[in-house]
Structures are given as structure tokens and as C-alpha cells.
Amino acid sequence: MQDRQIWTRLRTEITTDEVVVITGPRQVGKTTTLKWLLGEIDSANKYYFDLENLSDRELFEVKNYQSLIHELTNRGISVKEKIYLAIDEIQLVDNLPSLIKYLHDHYNIKFFLSGSSSYYIKNKFSQSMAGRKIVYEMWPLSFQEFLDFKGVSYKLDEHLPWQADFCDITYNQLDSYYREYVEYGGLPKVVLTDDVQRKKKLLQEIFSSYINLDVQSLADFRSTSDLRKIIKLIAARIGSKLNVSEIANIAGLSRITVDNYIAFLEQTYLITSVPAYSNSPDVESRLQKKLYFIDTGIASVNTDLSLGNKFENVVRHQLSFHSQKLYYFSNKEGEIDFILKNEDGLSAVEVKESATPQDHKRLARRAAKLDIRRCRVIGKEKTATFNNFMWAGLIR
């Protein structure tokens, strides 16, 4: 079992009173994390439930909440001691927030929950669990975690290497790993599989489970075929401005329907959006967003992605670990791929497979007009004469 970066923070939650909710995409390791948390607890008074298991689900669909306490005692759990319960796939039971609230308020129970729908967590749980829960989002592996899972003994800088130029030694050591990361993404089970054909098969199965489980259980769409059509169209437009009218016309659907599909795909962690940067929040809300997939491997299942699109999708994921908020910028003079907003201000990056001096000059000029002083081109390939760029394999 490989440690995840998020585990350090989660370990501190074992002794707190709040209900801990772990949410994120399918197959990022939420179940493994729940079981790891239980393993960190020095008590036998604990239990794990998987709500994909019908018998476990029936226990939590009861109207008489006391009957669950009775069932726990039948399984050897003592209500006279602190109880630790881990419950997986919470989005599968509608009344679970009410049940959790009741048990949390009336018994000495520490809950660790997981689910793959931010809509369910933020809406249903927010209404009944205000002040009682803390939510952690779990993502596909960072590149540092990818290296750790591969057994590579190399520690990347915790901060973005703004000053680091291209280095042949590091490139030669890590390039093959980074290329695999770009090609197949960062879902743990896929990363730990060496066979290329099995990687592809696993990605297809993970996407199928998303359609067959998350979509079927959380949405009331008449047909999943239209949703899959939208997913393919979005995958083909990674890193492009979102034109909902264009997608609606191609798919033969209404704009409202497409908007609803896109919102659902975001809320269930298949895709994510990057808004346009503006000094005016009102203007920002009206500008087109760019869409990316949470995991590049899943995006590749849905379309034949170019290497450039895969690379930009992966860099967005890497930068998300280093930014409180990500934007892009566009005007008549051109674009800035990503603007990072942090406590120390704004930074700008341009993503290029093969970086050139001209790319750096254009980025610096556009960033200066926004009063952004820190900027860097992020590149993927080694170039013969230009080293003044940040190699993407150095980004944690």
C-alpha cells in the first residue's frame, strides 16, 4: 500500500469530532484510504461498510435509526466505547445524511465517509450536517505520487520550480516516467499496472463503471447515449473555450440540456473547468470557460487525443496542486494558458510541447500587461538550443 499526500492531513482528523467526508473521482483510492484510516486507529471498536454491497446498503436505508445501533452490537461493536465507522459510496443512500446526523448527535461515533459526487456532498450533506462535517477532495496521483508508486527514489520540490532551467540529468532520469504519466494519467490501479493493453482495458472499465454506477444512481437522464456523446465532444475540445451552442448543435440537443450535462459531469468529478481571468467578477462570470478532464487516461478513452491536448490536460492537473485558483486569459493579442492565484499574487504559465525563446517573450509581454511579474513557459520536450523553460517533469 502506497501512502498518499492527503493521508498526512487525514491522520489528524482521527481525534476530531467532525464527520470526515472524502470525495473525488472513481478509482482514486477513497476505499483504500478509508481502510487505511481504520487501520491507523488503535481500537477494535470499528467497522467498514460498502454501500455498493446490497446487504450493507439495506442496513442504512432503515427508517428506524435505532435498528442500526442494534445491528452494530450484533456485530460486536460496543456502544459504551468510542465507535469508528467507515462508510463507502454514501451517494447510494438518499437518507444517509439524516441518519448520520442522528447517530453523530446521540452516540459517540466517529464517521469516515466517502463518495464520488460533489453534488450529493455539497447539497444533501450541507443541509443537515452544517458544522458537523469536514470535506476532503481526493484526486488522481500527483507526479510525485506517481514516482512514489513506481518506486522511483526522487523527491520533487514542494513548490513550483520557477527558477529552474532545463536539466539534462533530471530529464534523462524521469522522462520515461513523465511520458507514461501524460499518456495514461494518474489513477492508482492504472499506474501500478505495467502492461499497456491492461492499462487501456482498466481505463475503459473505470469509465464504464462511472456510466453504469454514478450516472445511473445520481441522475434521471432519459438516455446515457446523449451524455456519452457530450463527453466525447468535450474530450475532443480539451483546452478550448467552451462553446455550449456549438456542442448543442452537433449533438442535436438544447443548450439547457447540454448545460445540465456539463454541470453533472463536473459534480461527479469527470471533468473540471478553468474560468477566464478578469479584474471584474461580473465580466469573469460571463466569459467562456475551458474544460479539462480530471484524468487524462479517462479522456483518452473517449477520443483520440493529440499529444498536445494530453500534455495540457496533465499540466492543469499538476498546477492544481500549486494554486488556490486556476484561470486562463484571452484577448485579441492572444492567450495565457494558465494564471495561478495564490496568497502571494498571480503567476502566469504557457504550456508548449517544445518551448522556444519566442514563447517566453510572448508570455512575458502578455503577463506584464496584466501586471503579472512571475511567468514561465512549461515544456515537455528537450530542445537543442533553449533551456530557459520549466520542464513539466519537475512539477510535483
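The values are calculated or read from the model by the stated rules, or taken from the named source; none is laboratory data. Because the structure is a prediction, the values reported are computed rather than measured. Glycine also receives a Cβ, built like all others from the backbone with ideal geometry; neighbour counts cover every protein chain displayed.
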task = Considering only segment 1-50, state which residues are among the acidic types (Asp, Glu) and surrounded by 15 or more Cβ atoms within 10 Å (Cβ to Cβ).
result = Glu13, Glu18, Asp50
ask   = Can you tell me which residue in segment 237-293 is nearest to Gly345 (Cα to Cα), limited to those that are out of contact with any Asp or Glu (no Cβ under 7 Å at 6 or more places or on another chain) and part of a strand (DSSP E or B)?
value = Val274
key: Residue count, segment 285-294 (criterion: farther than 17 Å from Glu335 by Cα and within 17 Å of the chain's Cα centre (by Cα))   = 2
note = Residues of segment 165-185 being part of a helix (DSSP H, G or I) and under 17 Å from Asn313 (Cα atoms), in sequence order, are Tyr177, Tyr178, Arg179, Glu180, Tyr181, Val182, Glu183, Tyr184
message = Can you name every one of the strands (runs of 3 or more DSSP E) wholly within segment 304-392 that holds 2 or more residues which are surrounded by 14 or more Cβ atoms within 10 Å (Cβ to Cβ) and aliphatic (A, V, I, L, M)?
response = 334-342, 345-352, 374-379
message = Among the listed residues Gln173, Gln144, identify the single one that is without any contact (Cβ under 8 Å) to a residue 60 or more places away in the chain and polar (S, T, N, Q).
response = Gln173
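Conditions tested, residue by residue: (1) over 13 Å from the mean Cα position of the chain (by Cα); (2) crowded, with 21+ Cβ neighbours inside 10 Å; (3) among the basic types (Lys, Arg).
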residue	(1), (2), (3)
Leu253	yes, no, no
Leu265	no, yes, no
Ser273	no, no, no
Val283	yes, no, no
query = Taking into account only those residues within segment 150-170 that are in contact (Cβ under 8 Å) with a residue 24 or more places away in the chain and β-branched (Val, Ile, Thr), which is surrounded by the most Cβ atoms within 10 Å (Cβ to Cβ)?
reply = Thr170
ask   = Does Ser98 count as within 24 Å of Leu265 (Cα to Cα) and either among the acidic types (Asp, Glu) or at pLDDT below 95 (or both)?
value = no
note = All conditions in (1) surrounded by fewer than 16 Cβ atoms within 10 Å (Cβ to Cβ); (2) more than 20 Å from Val301 (Cβ to Cβ) are true of Ser209 except (2)
remark   = Taking segment 232-281 and the residues there that are basic (Lys, Arg) and touching a helix residue (DSSP H, G or I) at 6+ places or on another chain (Cβ under 6 Å), the one that is farthest from Leu326 (Cα to Cα) would be Arg255
ask   = Is it fair to say Trp139 is assigned to a loop (DSSP other than H, G, I, E, B) and crowded, with 18+ Cβ neighbours inside 10 Å?
value = yes
Flag if Gly185 is on the phi > 0 side of the Ramachandran plot and exposed (fewer than 15 other Cβ atoms within 10 Å of the Cβ) = no
ask   = Is it fair to say Tyr210 is out of contact with any helix residue (DSSP H, G or I) (no Cβ under 7 Å at 6 or more places or on another chain) and hydroxyl-bearing (Ser, Thr, Tyr)?
value = yes
Selection count, segment 201-227, where residues are assigned to a helix (DSSP H, G or I) and free of Cβ contacts under 8 Å to residues at least 24 places away in the same chain = 9
request  = Working only within segment 372-396, note down all residues that are over 30 Å from the mean Cα position of the chain (by Cα) and either outside the structural domain of Ala276 (by TED's automatic domain parsing) or touching a residue at least 12 places away in the same chain (Cβ under 8 Å) (or both).
outcome  = Thr383, Phe386, Asn387, Asn388
ask   = Applying the selection to segment 235-274, what residues are in contact with a Phe, Trp or Tyr (Cβ under 8 Å, 6 or more places away or on another chain) and within 16 Å of Glu312 (Cβ to Cβ)?
value = Ala235, Ile238, Gly239, Ile271, Thr272, Ser273, Val274
Single residue of segment 274-326 satisfying the filter (of a type in the set (Val, Ile, Thr) and more than 22 Å from Arg198 (Cβ to Cβ)) that is modelled with the lowest pLDDT = Val283
Enumeration of residues in segment 63-89 that are on the phi > 0 side of the Ramachandran plot and exposed (fewer than 14 other Cβ atoms within 10 Å of the Cβ) = Gly76
